[in-house]
1. Only one of these conditions is not met by Lys226: (1) touching a residue at least 24 places away in the same chain (Cβ under 8 Å); (2) in contact with a strand residue (DSSP E or B) (Cβ under 8 Å, 6 or more places away or on another chain); (3) of a type outside the set (Phe, Trp, Tyr); (4) not in a helix (DSSP H, G or I). Which number is it?
2. Inside the range 130-153, can you point out the residues that are charged (D, E, K, R) and either in a loop (DSSP other than H, G, I, E, B) or in contact (Cβ under 8 Å) with a residue 60 or more places away in the chain (or both)?
3. Would you call Val163 buried (at least 20 other Cβ atoms within 10 Å of the Cβ) and out of contact with any strand residue (DSSP E or B) (no Cβ under 9 Å at 6 or more places or on another chain)?
4. For the range 49-68: of the residues being of a type in the set (Gly, Ala, Ser) and free of Cβ contacts under 8 Å to residues at least 24 places away in the same chain, which is surrounded by the most Cβ atoms within 10 Å (Cβ to Cβ)?
5. Tell me which residues, restricted to the range 92-123, are at pLDDT 95 or above and surrounded by fewer than 18 Cβ atoms within 10 Å (Cβ to Cβ).
6. Whether any residue in the range 14-33 is buried (at least 16 other Cβ atoms within 10 Å of the Cβ) and out of contact with any strand residue (DSSP E or B) (no Cβ under 8 Å at 6 or more places or on another chain) is what I want to check.
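The values are calculated or read from the model by the stated rules, or taken from the named source; none is laboratory data. All values reported here derive from a predicted model rather than from experimental measurement. Neighbour counts are summed over all protein chains in view; Cβ atoms, including those assigned to glycine, are modelled from backbone coordinates with ideal geometry.
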Amino acid sequence: MESLAAIDIGSNAIRLVIGAMDEFGDIRIVKKVREPVRLGKDVFGDGTISAKTRDKALEAFQKFRMLIKQHDVHFTKAVATSALREAKGRDEFVQQVKKSSGIEIDVIDGLEEGRLIYSAVSHRMNLNDKVVLLIDIGGGSVELTIADHGVRKATQTFKLGTVRLLQLLENRGLKEKHLGEVIAEQLAPVREFLKTHTKGLHLDFAIGTGGNFETLGKLRVALLHKNSIFSMTHKELRNLLEHLESMSVKERIQFLRLRPDRADVLVPAARVTEAVMSIAEVEMLSIPYVGLRDGILADLGSRVLATP
């Protein structure tokens, strides 16, 4: 068995996953850790990472280094997405992380993010006879990918991430009830992407990746009394939105037992998903319970296997 570690430095949290890979390339997850460091709140506010947030991030990386050592990991890959892509002083932050923990960060673009997410999904689901729309909703961006019979045809990133939307509301002095209007203002590029890349195709279903979809899947069972956390219809998504929007963030924490940094981003995530599904005219959403860090791990595993 070979131990591998993947780190996803997102806009809403920093995540570590450690896996054990056998000689055939199959990876078993042995450890998952999530640190609620919201880089996006700083970056999407004034473009910088505050000293407080930086210190929390450095603490998270030092914790990850200890876990990596404990699990005798020989191969580690750390990937950063939109918040760090856009941060002023990004290179200094990356250097501080390397100096304090020894972990090197690769800041990737949206296309690479889409590729890694597709890798995670294709390892979990057989897409060879389907035409699907992948929707990955992060704190800073949304990646949409069209895949046709197992071939990734197109990926585009959109600045519709949940933390970014919350920061936009705050900057404009608006409340959560105005989310629909704010999102609607930014949907033209989404319409153009879907119109261009689904021409002549019939989408079988959408696939949602990331923590927000996992929470929505569980709430489908808890609130709508359905029997599966792995899928939902467009109508069910709308019903969940009604439930969530009728509650304050504090009530979502209290009654739904959501983490504070999930309770406030869940409605933006559901709102964006509903809008994308409406534009794409897709009725079913599949939730495979994978995300970017799973794609990083799969990609790392493939590289290790290919190394003589």
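1. Looking at each condition in turn, Lys226 falls short on (1).
2. If we filter the range 130-153 for residues that are charged (D, E, K, R), which is where we start, we get 130, 136, 143, 148, 152-153.
Correct list: Lys130, Asp136.
3. Values: buried (at least 20 other Cβ atoms within 10 Å of the Cβ): yes; out of contact with any strand residue (DSSP E or B) (no Cβ under 9 Å at 6 or more places or on another chain): yes.
When the stated conditions are applied, Val163 passes them.
4. The residue in question is Ser50.
5. Glu92, Gln95, Gln96, Lys98, Lys99, Ser100, Gly102, Glu104, Asp106
6. So in the range 14-33, the residues buried (at least 16 other Cβ atoms within 10 Å of the Cβ) come out as 14-21, 27, 31.
Remaining after also requiring out of contact with any strand residue (DSSP E or B) (no Cβ under 8 Å at 6 or more places or on another chain): none.
No: zero hits.
One line per residue, one yes/no per condition, for (1) aromatic (Phe, Trp, Tyr); (2) within 14 Å of Glu214 (Cα to Cα); (3) crowded, with 24+ Cβ neighbours inside 10 Å:
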{"site": "Arg262", "(1), (2), (3)": "no, yes, no"}
{"site": "Ala270", "(1), (2), (3)": "no, yes, yes"}
{"site": "Glu274", "(1), (2), (3)": "no, no, no"}
{"site": "Glu281", "(1), (2), (3)": "no, no, no"}
{"site": "Met284", "(1), (2), (3)": "no, no, no"}
{"site": "Leu297", "(1), (2), (3)": "no, no, yes"}
